[in-house]
Amino acid sequence: MAYRAEWQYDEAWTYLGILRSSPGEIAAYTKFKLANNHVFNSLYFHWLQGLGAKTELTYRLSSLLSYVLYNLFLYRLLEQAGYKRANWSFIVLFLLPYMGYFALGRGYAPALTCFTISLYYYKSFAERKSLAHLLYFILSGSLAALSLFSFLFPFIAMVLLLALGNFKTVLKPRYLIVMLIVLPVMLYVYVMGKVVNTYDLYIIGGNSLFRNGALSSVLSYLSLGEMVSQHLFLLFKVALCITGLPAVIVLIKRRVLYTEHVIILVAILLMLAAHYLFAAKYPMSRGLLYILLLFYLPFIYASAKKNYLLGIHLLVVAALGICNMDLLLKKSMRHKSYDALAYVSKTHKPLFVDNVNPNVQLYDYLFFHNSVKLLQYEMEEPEVSKSFYRALDTVSYVICTQANLKVKGANTLFSKIYKLPEGDFYIRKK
């Protein structure tokens with residue numbers, strides 16, 4: 001998928017957003033002040049831009065390589081908990097919907113990988129009190145928070161829990177010096193987070209924790225809300241809830257307080273504090289990927305003692321994960337926006353795109369030297385109807401969803417050439 005899929009919206013937005021920016025300007029959010037600026041990922045993009053790299057796969061290598069470390073430390077976490085892989089329920093952890101990010105040039109996969117590493121060393125330090133393991137925990141957790149700002153909450157949650165549980169140990173000079181690394185990380189995320197909150201009007205965040213808010217968005221994300229029809233989405237959500245509640249009751253009855261679930265609770269309290277003290281927005285959906293990992297790791301640990309209620313819920317989660325991967329793979333096998341631009345460039349006629357998608361602009365910039373005349377309009381603009389009809393009167397080629405074309409009553413004027421990952425490519429009928 002990393003090789004075949006076209007530039008995704010956020011990947012293209014990042015590429016174009018950091019053009020003609022220096023590494024210092026990227027890190028300081030001087031020009032590109034949006035949440036899309038995942039600092040380490042943006043710096044990696046900047047380096048590749050300097051090398052003249054153009055292929056999507058090249059820009060996704062950091063995520064692909066992080067997948068190796070993710071697997072390694074996930075196995076270590078399972079071994080640490082005494083889990084026997086003969087059970088096979090651990091496969092669920094490789095089917096959660098965030099797995100697709102390991103094939104994209106974004107900060108999500110490196111952040112999740114670094115967080116997984118930090119979780120391993122957090123638990124390891126609790127057992128061994130090793131200074132080296134404390135250092136690895138702090139460094140990997142800091143990298144996770146810097147890769148994706150929303151990961152600061154679970155990282156600080158672990159820091160607080162570690163300090164409280166090992167108070168005398170962390171007060172020793174060498175241990176304390178290592179712990180102090182957290183302070184500049186917190187300060188950087190706080191300062192740059194304020195910049196993002198101020199300038200990014202479309203940030204994926206909200207002012208609610210529960211209803212239509214952060215936690216409900218995690219359930220919606222797991223239910224493939226962005227991938228399937230409303231009918232299937234509701235069906236998947238009901239299936240998760242009906243099978244999930246009995247599984248949670250099984251865990252409660254076993255009277256085991258799992259570290260991962262405690263981290264979630266403390267992270268939520270920190271989000272509440274940040275919201276009310278600093279007006280920070282609650283992260284939503286993909287900004288809370290760590291919750292899925294932390295929530296389901298104990299389910300995998302507990303499944304070592306076979307229980308059909310746990311098994312049924314994990315089976316539902318696995319089925320949704322397989323469905324998600326199937327949809328992503330099918331999408332990646334379609335024609336790219338590049339193909340539409342290549343088609344149009346030979347005619348020297350304008351191409352109308354009914355919604356601003358930066359990947360079309362990026363392909364034009366990389367391969368056609370901005371020679372294709374693009375007409376783009378946001379579907380949310382008040383004057384979009386007039387703009388839409390005006391554009392359709394003048395163009396021969398359109399990238400548009402079939403539904404939008406039909407709503408505007410122009411579906412009889414154009415015929416589809418081929419399907420794209422986002423919308424379809426149409427030509428005016430003669």
- Query: Using a simple spin-label model with points 7 Å from Cα along the Cα→Cβ vector, what separation in nm is obtained for Lys416 and His231?
  - Reply: 1.8 nm
- Which length gain, in nm to one decimal place, applies between Leu19 and Thr58 when the Cα-Cα distance is subtracted from 0.36 nm times their residue separation? 12.3 nm
- Using θ = phi - 60° and the Karplus relation 6.51 cos²θ - 1.76 cosθ + 1.60, list the HN-Hα couplings for the range 289-299 in order, rounded to whole Hz, with x at every Gly or Pro. 4, 4, 5, 4, 5, 5, 6, 8, 4, x, 4
- Interchain or sequence-distant (5+) residues whose placed amide H lies within less than 5 Å of the amide H of Phe414 are Lys429
- Message: Using 0.36 nm times the number of residues separating Val248 and Lys429, minus their current alpha carbon distance, what extension gain do you get?
- Response: 59.5 nm
- Can you list the HN-Hα couplings for the range 52-66, worked out from phi with the Karplus curve (6.51, -1.76, 1.60; θ = phi - 60°), rounded to whole Hz and with x for Gly and Pro? x, 5, 10, 6, 4, 4, 4, 6, 9, 5, 4, 5, 5, 5, 5
- Can you list the residues, at least 5 places off or on another chain, whose amide H is less than 5 Å from the amide H of Lys336, using H built in the peptide plane? none
- Message: Using 23 Å as the Cα-Cα cut-off, could you pick out the over-long pairs in Lys129/Lys172; Lys406/Lys429; Lys54/Lys194; Lys406/Lys430?
- Response: Lys54/Lys194
- Message: To test your reading of the geometry: what angle, between 0 and 90 degrees and rounded to tens, separates the Cα axis of helix 131-147 from the longest principal axis of the chain?
- Response: 20 degrees
- Query: Mind listing which chymotrypsin sites (Phe, Trp or Tyr not before Pro) in the range 177-260 are in a DSSP loop and have 11 or fewer other Cβ atoms within 10 Å?
  - Reply: Tyr202, Phe210
- Item | Nitroxide proxy distance, nm - points 7 Å out along Cα→Cβ at His369 and Trp88 | 5.7 nm
- Message: Please compute the length gained on full extension between Tyr9 and Gln80, using 0.36 nm multiplied by the number of residues separating them and subtracting their Cα-Cα distance.
- Response: 21.7 nm
- Item | Where trypsin sites (Lys or Arg not before Pro) fall in DSSP loop in the range 73-131, at most 16 other Cβ within 10 Å | Lys84, Lys129
- Message: Taking R0 as 41 Å, what FRET efficiency do you get between Met1 and Leu131 from their Cβ-Cβ distance, rounded to the nearest 0.05?
- Response: 0.50
- Residues Cys241 and Leu180, FRET efficiency given R0 of 60 Å [Cβ-Cβ distance, rounded to 0.05]: 0.90
- Task: Enumerate the amide H contacts of Phe352 below 5 Å, restricted to partners 5 or more residues apart or on another chain; note that Pro and chain-start residues carry no placed amide H.
- Result: Leu375, Tyr397, Val398, Ile399
- Distance histogram in 10 Å bins (all Cα pairs of the chain, percent per bin): 4, 19, 28, 26, 14, 6, 2, 0, 0
- Item | trypsin sites (Lys or Arg not before Pro) within the range 275-325, DSSP loop, no more than 10 other Cβ atoms inside 10 Å | Lys305, Lys306
- Mean-position separation - Cα centroids, the range 3-37 and the range 301-365, in angstrom: 20 Å
- Task: Using R₀ = 56 Å, calculate the FRET efficiency as 1/(1 + (r/R₀)^6) where r is the Cβ-Cβ separation of Asp393 and Tyr308; round to 0.05.
- Result: 0.35
- Message: Per q in 0.11 Å⁻¹, report the Debye log10 I(q)/I(0) for the range 22-156, using one uniform scatterer on each alpha carbon and no solvent.
- Response: -0.46
- Scan the chain and report its longest stretch carrying no GluC sites (Glu not before Pro) that are both in a DSSP loop and have at most 15 other Cβ atoms within 10 Å. 1-225
- Message: How long are the semi-axes of the equivalent ellipsoid of the range 81-146, taking √(5λ) for every eigenvalue λ of the Cα gyration tensor, in whole Å from largest down?
- Response: 23, 20, 5
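Read the figures in this text as sums done on the coordinates, not as results from a lab. Note that the structure is a prediction, hence the values are computed from the model and not measured. Heads up, the Cβs are rebuilt from the backbone with ideal geometry, glycines too, and the neighbour counts pull from every protein chain shown.
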